[in-house]
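Enquirer: Pasting in a structure now, in structure tokens, and then I'll have a few things to ask.
The values are calculated or read from the model by the stated rules, or taken from the named source; none is laboratory data. Please read these numbers as outputs of a predicted model, since none were measured by experiment. Positions of Cβ are backbone-derived with ideal geometry, glycine not excepted, and every protein chain shown enters the neighbour counts.
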């Protein structure tokens, strides 16, 4: 049986974590967050890939490239969550369960940050817990995959009733 595979994507400016507005985003670097995600994934027998890009098209390519490999995606689209119909459409098109995460509570910030275009195509959103948002997002993605596997496993074992004539 193959391990569960999760792709973690970080959007624009997340490469600046640790020095970018620590009051809002915390003091951990992206490398530290990725290392902790990898530790947690390994502990659970999960294969994990992490990538960061400041470019919308690159994030779309990474989402599309996950088809056939990833069982789930955890994404922090950063500011693209408020503007990118392209990322939203890519999440919808690949049909891979996706959890959106944000380090800050986007609902307590400026009005333009309080709406996520991408969230509607995700199975859920976790916002406001700094680095914990990623770890909770990984847990949520894995719980969703496990729940879906149980549901489909049971459905696959149920035989249809024969029709009487």
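Enquirer: Assess whether residue 17 counts as being surrounded by 15 or more Cβ atoms within 10 Å (Cβ to Cβ) and either over 17 Å from residue 131 (Cα atoms) or modelled with pLDDT of 95 or more (or both).
Expert: yes
Enquirer: So, one more: Please go through region 34-60 and pick out each residue that is assigned to a helix (DSSP H, G or I), touching a strand residue (DSSP E or B) at 6+ places or on another chain (Cβ under 8 Å) and surrounded by 15 or more Cβ atoms within 10 Å (Cβ to Cβ).
Expert: Matches in region 34-60: 34, 37, 38, 41, 59.
Condition check ((1) closer than 29 Å to residue 32 by Cα; (2) modelled with pLDDT under 95; (3) assigned to a helix (DSSP H, G or I)) across all residues:
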site: 129; (1), (2), (3): yes, no, no
site: 134; (1), (2), (3): yes, no, yes
site: 148; (1), (2), (3): no, yes, yes
site: 151; (1), (2), (3): no, yes, yes
site: 154; (1), (2), (3): no, yes, yes
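Enquirer: Within region 84-101, track down each residue that is assigned to a helix (DSSP H, G or I) and either surrounded by 17 or more Cβ atoms within 10 Å (Cβ to Cβ) or in contact with a helix residue (DSSP H, G or I) (Cβ under 9 Å, 6 or more places away or on another chain) (or both).
Expert: 86, 87, 88, 89, 90, 91, 92, 93, 94
Enquirer: Which condition number does residue 23 fail, the rest of (1) assigned to a loop (DSSP other than H, G, I, E, B); (2) over 26 Å from residue 147 (Cβ atoms); (3) modelled with pLDDT under 95 being met?
Expert: Only one criterion in (1) assigned to a loop (DSSP other than H, G, I, E, B); (2) over 26 Å from residue 147 (Cβ atoms); (3) modelled with pLDDT under 95 is unmet by residue 23, namely (1).
Enquirer: If you check every pair at least six apart or on different chains, which have Cβ atoms under 7 Å apart with a residue in region 16-38 that is without any contact (Cβ under 8 Å) to a residue 12 or more places away in the chain and on the phi < 0 side of the Ramachandran plot first and a residue that is surrounded by 13 or more Cβ atoms within 10 Å (Cβ to Cβ) and outside any helix (DSSP H, G or I) second?
Expert: Sorted first by the residue in region 16-38, then by its partner, the pairs are 20/13; 27/18.
Enquirer: May I pose another question? Can you go through 96, 85, 91 and tell me which one is over 18 Å from residue 8 (Cα atoms) and at pLDDT 95 or above?
Expert: Just one listed residue meets the conditions, 85.
Enquirer: If you don't mind, there's one more thing I want to ask. Could you please let me know if residue 72 is buried (at least 19 other Cβ atoms within 10 Å of the Cβ) and modelled with pLDDT of 95 or more? Walk me through it before giving the result.
Expert: Numbers: buried (at least 19 other Cβ atoms within 10 Å of the Cβ): yes; modelled with pLDDT of 95 or more: yes.
Against the criterion (buried (at least 19 other Cβ atoms within 10 Å of the Cβ) and modelled with pLDDT of 95 or more), residue 72 qualifies.
Enquirer: Moving on to the next point. Among the listed residues 81, 116, 104, which satisfies the condition of being touching a residue at least 40 places away in the same chain (Cβ under 8 Å), part of a loop (DSSP other than H, G, I, E, B) and in contact with a strand residue (DSSP E or B) (Cβ under 8 Å, 6 or more places away or on another chain)?
Expert: Of 81, 116, 104, the one residue that is touching a residue at least 40 places away in the same chain (Cβ under 8 Å), part of a loop (DSSP other than H, G, I, E, B) and in contact with a strand residue (DSSP E or B) (Cβ under 8 Å, 6 or more places away or on another chain) is 104.
Enquirer: Quick one: is residue 70 within 13 Å of residue 141 (Cβ to Cβ), assigned to a helix (DSSP H, G or I), out of contact with any helix residue (DSSP H, G or I) (no Cβ under 6 Å at 6 or more places or on another chain) and in contact (Cβ under 8 Å) with a residue 60 or more places away in the chain?
Expert: On the way: within 13 Å of residue 141 (Cβ to Cβ): yes; assigned to a helix (DSSP H, G or I): no; out of contact with any helix residue (DSSP H, G or I) (no Cβ under 6 Å at 6 or more places or on another chain): yes; in contact (Cβ under 8 Å) with a residue 60 or more places away in the chain: yes.
Considered against the rule, which asks whether it is within 13 Å of residue 141 (Cβ to Cβ), assigned to a helix (DSSP H, G or I), out of contact with any helix residue (DSSP H, G or I) (no Cβ under 6 Å at 6 or more places or on another chain) and in contact (Cβ under 8 Å) with a residue 60 or more places away in the chain, residue 70 comes out as no.
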